Amino acid sequence: MFFYIANLTALVAIVAASTIPEPPVPEFFEITQLTLPPAINTTATGACTASINPRRTGCIYYQENYDFQSGDFTPDGKHVVVSVNFTGAPASPDPASIYSGAQVILISADGTNFPNGDAWKCMSCAVPAENKQSLDPVIDYPHVFRGGTKILWGHNILDCNGELLAGPSCTPNRTNIYPIFWPVSTNATAAGGSPREMRLHPDDVHILWSSLSSNGQSTYTGKLQFNAEPTNGSLRVPRYDLVNVNILARANSTPAIYAEGDELKINPNPLSLGELRGW
């Protein structure tokens, strides 16, 4: 009996040694701190003074839970897209008045500055009103398209008319911000659906999102299709439509929370995807 246990122990040691790889060789990595616009803790008009930001290119609101969301890199790996809340701008017609409210910016990640001397560039500031009709108020989770000329900004797409976002030719006058519309009704004047947590596919065409309903949360995939002159839905401005939509769900499955007669019940083992965070 003791001989068997000894040999079994040896066998386990041999198997473990043959299946568990050696740890990888340590790799060098570097953490780089990105330069943000100066932060202030007031929303008073004109509080972002020249002494705080000499170039008059905005201050961001600083408090414990201020509105700030970083996204991903531009395709060249040199810039990061970020949603910020500019505050303290002077009143119009001061040129610095454009740095106000929720905006999307690019931040240099390679230590260089933009031509104006800043490490950031506001992509949505000073975009003409006719270039951002019906801007959707949902502006979270910014993501850069792999082509480098567009930004998914919540329920909107910022498009620089074919110019690279970080390039000098990408100016406010060349920029458009289009809302995203999800047709969910055959009614010609119906409002669109309510997507959330939108995530781009690497092909810059397909997109993933979630949506809440009385049956819980479901996940969808579809394609982005530009619609310059929509003739259906409640949003009759140039927009991106979600088309060829599919729901990712098991047919006839019981949701996590469901009604049975006059009782509300819980299914402890639902077969549902819920919320997907990316491709």
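The values are calculated or read from the model by the stated rules, or taken from the named source; none is laboratory data. This is a predicted model, so every value here is computed, not measured. Here the Cβ positions follow ideal geometry from the backbone for every residue, glycine too, while neighbour counts run over all protein chains shown. These accessible areas exclude ligands, DNA and RNA; they are computed on the full protein's heavy atoms, side chains included. Shrake-Rupley method; radii C 1.70, N 1.55, O 1.52, S 1.80 Å.
When you take every Cα atom in segment 147-216, what is the radius of gyration, and what is Dmax, the widest Cα pair distance, in Å?
Rg and Dmax of segment 147-216, Cα atoms, are 15.0, 48 Å.
Identify the GluC sites (Glu not before Pro) of segment 117-221 meeting these criteria: DSSP loop state and at most 15 other C-beta atoms within 10 Å of the C-beta.
none
For segment 193-279, what value does the Rg/Rh ratio take when both radii are computed over Cα atoms and Rh is the Kirkwood radius, given to two decimals?
Rg divided by Rh gives 1.07.
State, to one decimal in nm, how far the label point of residue 249 lies from the label point of residue 97, with both points 7 Å from Cα in the Cβ direction.
4.9
Could you tell me what percent of the accessible area of the chain is made up of carbon and sulfur, with a 1.4 Å probe and every protein chain present?
55
Could you run the Debye sum over the Cα atoms of segment 38-101, one equal point scatterer each and no solvent, and tell me log10 of I(q)/I(0) at q = 0.14 Å⁻¹, two decimals?
So the normalised log intensities work out to -0.44.
Please state, rounded to one decimal and in Å, the Kirkwood hydrodynamic radius that segment 110-152 gives when every pair of distinct Cα atoms enters the mean of 1/r.
Computed over Cα pairs of segment 110-152, the Kirkwood hydrodynamic radius comes out at 12.9 Å.
Please report, in debye to the nearest 20, how large the charge dipole of the chain is about its Cα centre when each Lys and Arg carries +1 at its beta carbon and each Asp and Glu carries -1 there.
380
Please give me, ordered by residue number, the trypsin sites (Lys or Arg not before Pro) of segment 111-208 that lie in loop per DSSP and have at most 11 other Cβ atoms within 10 Å.
Filter output for segment 111-208: empty list.
Rolling a 1.4 angstrom probe over the protein heavy atoms, how many square angstrom per residue are accessible across segment 149-279?
55
Within the chain, how many lysine pairs that are 8 or more places apart, or on different chains, have C-alpha atoms less than 24 Å apart?
Lysine pair count for the chain: 7.
At a 10 angstrom cut-off on C-beta neighbours, averaged per residue, how do the peptides 51-58, 27-34, 183-190, 138-145 rank from highest to lowest?
Result, highest mean first: 138-145, 51-58, 183-190, 27-34.
Keeping every protein chain present and rolling a 1.4 Å probe, give me the accessible area per residue for segment 31-138 in Å².
52
Go ahead and run the numbers for FRET between residue 43 and residue 134, Cβ-Cβ distance against an R0 of 25 Å, rounding to 0.05.
0.45
State the three equivalent ellipsoid semi-axes of segment 71-153, derived from the C-alpha gyration tensor as the square roots of 5 times its eigenvalues, in descending order and whole Å.
Semi-axes, largest first: 22, 17, 11 Å.
In whole Å, what are the extents of the chain along the principal axes defined by its C-alpha atoms, from largest to smallest?
Dimensions of the chain along the principal axes of its Cα atoms: 92, 57, 36 Å.
Along each of the three principal axes of the Cα atoms of segment 132-278, give the extent in whole Å, ordering the values from largest to smallest.
On the principal axes, segment 132-278 reaches 61, 32, 24 Å in Cα extent.
Could you pull the Cα extents of segment 133-183 along its three principal axes, largest to smallest, in whole Å?
For segment 133-183, the Cα spread along each principal axis is 33, 22, 18 Å.
Between helix 2-19 and the chain, what is the angle of the helix's C-alpha long axis to the longest principal axis, kept within 0 to 90° and rounded to the nearest 10?
Its long axis makes an angle of about 30 degrees.
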